[in-house]
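Undergrad: If you scroll down you'll find the structure; I have some questions about it.
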Amino acid sequence: MEVTFLGSGNAFASGGRYWSSFLVDRRYLFDAPPTLLAHLKQLNVDLPEIETVFLSHHHADHFVGLPFLLLEYLYMTKRTKDLYIVGPPGVEEWMEDFASRCYPELHAKEAGYKRKYVDAIHGEAQRAGNLNFRPFHMNHVTKTMQAMGYQVRINGKTIAYTGDTMFCEEIFQLADGADVLVVDCTYSDGSGPEHMGLDDVKVIRKRISPETTMVLTHLSEVPVTNGLANTLIAQDLATFRF
């Protein structure tokens, strides 16, 4: 499995990092930050081969890049295969509304393919295209939105992604059986508010399988892991192979 980080930073682009997002096997996208299209092109990704987009929640650094990709498909790089977009319940309504406000022609013109939305349902085994996945509620600004983490089976391996979250027990459901766990580590020490930090990462590392590789992202600073076992730190435009 190949995991390429389009960005590794938080909403404030701390340290000049791009907003956190990653692509698995150049086909499966996890979150869609503002720099999405530019970075996909820098990486020479075959854009019509992107099959599924997983959106963790609707904070701007995680989804506002998607209309640019849809516009690309409308005018520049034609696609014919359906595009699956997975997100918290109601994802079709808020994503299509936002996309049409950015570029009204996304609704007015025939695109040549269908956008197929899938509402993520906590704890349920679901399918999007050729992927089996299981979503879980995460503990992130719960008064204003639902944030989801995803466990996804891809080409014989399992990757899990917390999205943005504070420490919660659902993380261990995500991590169960995962080969790779991509983790919010916004704070280089301590923990909270709204996100996790290195103190949380240390607890997670002790409780999950030693065979699960953790990758830390959504960084404000680069954390000092001090040799924390089987734990990597994401970098902008870096690729990891598992």
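Undergrad: Within segment 28-58, restricting attention to residues that are polar (S, T, N, Q) and not in a loop (DSSP other than H, G, I, E, B), which residue is surrounded by the fewest Cβ atoms within 10 Å (Cβ to Cβ)?
TA: Per the criteria, the residue is GLN42.
Undergrad: Out of TYR73, TYR117, report the one residue that is of a type outside the set (A, V, I, L, M), in a strand (DSSP E or B) and out of contact with any Ser or Thr (no Cβ under 6 Å at 6 or more places or on another chain).
TA: Only one candidate qualifies: TYR117.
Undergrad: Is it true that some residue in segment 120-127 is touching a Lys or Arg at 6+ places or on another chain (Cβ under 6 Å), farther than 20 Å from ASP164 by Cα and not charged (D, E, K, R)?
TA: yes
Undergrad: Cβ-Cβ distance below 9 Å, separation of 6 or more or different chains: which pairs start in segment 176-194 with a residue that is on the phi > 0 side of the Ramachandran plot and modelled with pLDDT of 95 or more and end on one that is part of a strand (DSSP E or B) and crowded, with 24+ Cβ neighbours inside 10 Å?
TA: GLY177/ALA160
Undergrad: Let me confirm something: among ASP25, ASP61, which residue is among the charged types (D, E, K, R), in contact (Cβ under 8 Å) with a residue 40 or more places away in the chain and surrounded by fewer than 19 Cβ atoms within 10 Å (Cβ to Cβ)?
TA: Unique residue meeting the criteria: ASP25.
Conditions tested, residue by residue: (1) of a type in the set (D, E, K, R); (2) within 10 Å of the chain's Cα centre (by Cα); (3) within 25 Å of TYR187 (Cβ to Cβ); (4) modelled with pLDDT of 95 or more.
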residue: VAL3; (1), (2), (3), (4): no, no, yes, yes
residue: ARG27; (1), (2), (3), (4): yes, no, no, yes
residue: PRO33; (1), (2), (3), (4): no, yes, yes, yes
residue: LYS41; (1), (2), (3), (4): yes, no, no, yes
residue: HIS59; (1), (2), (3), (4): no, no, yes, yes
residue: HIS62; (1), (2), (3), (4): no, yes, yes, yes
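Undergrad: Would you please list the contacts, defined by Cβ atoms under 6 Å and residues six or more apart or on different chains, that run from a residue in segment 28-39 that is within 10 Å of LEU66 (Cβ to Cβ) to a residue that is among the polar types (S, T, N, Q) and outside any strand (DSSP E or B)?
TA: ASP31/SER56
The values are calculated or read from the model by the stated rules, or taken from the named source; none is laboratory data. Remember, it's a predicted structure, so these values are computed and weren't measured experimentally. Cβ sites come from the backbone with ideal geometry, for glycine too, and all protein chains shown count toward neighbours.
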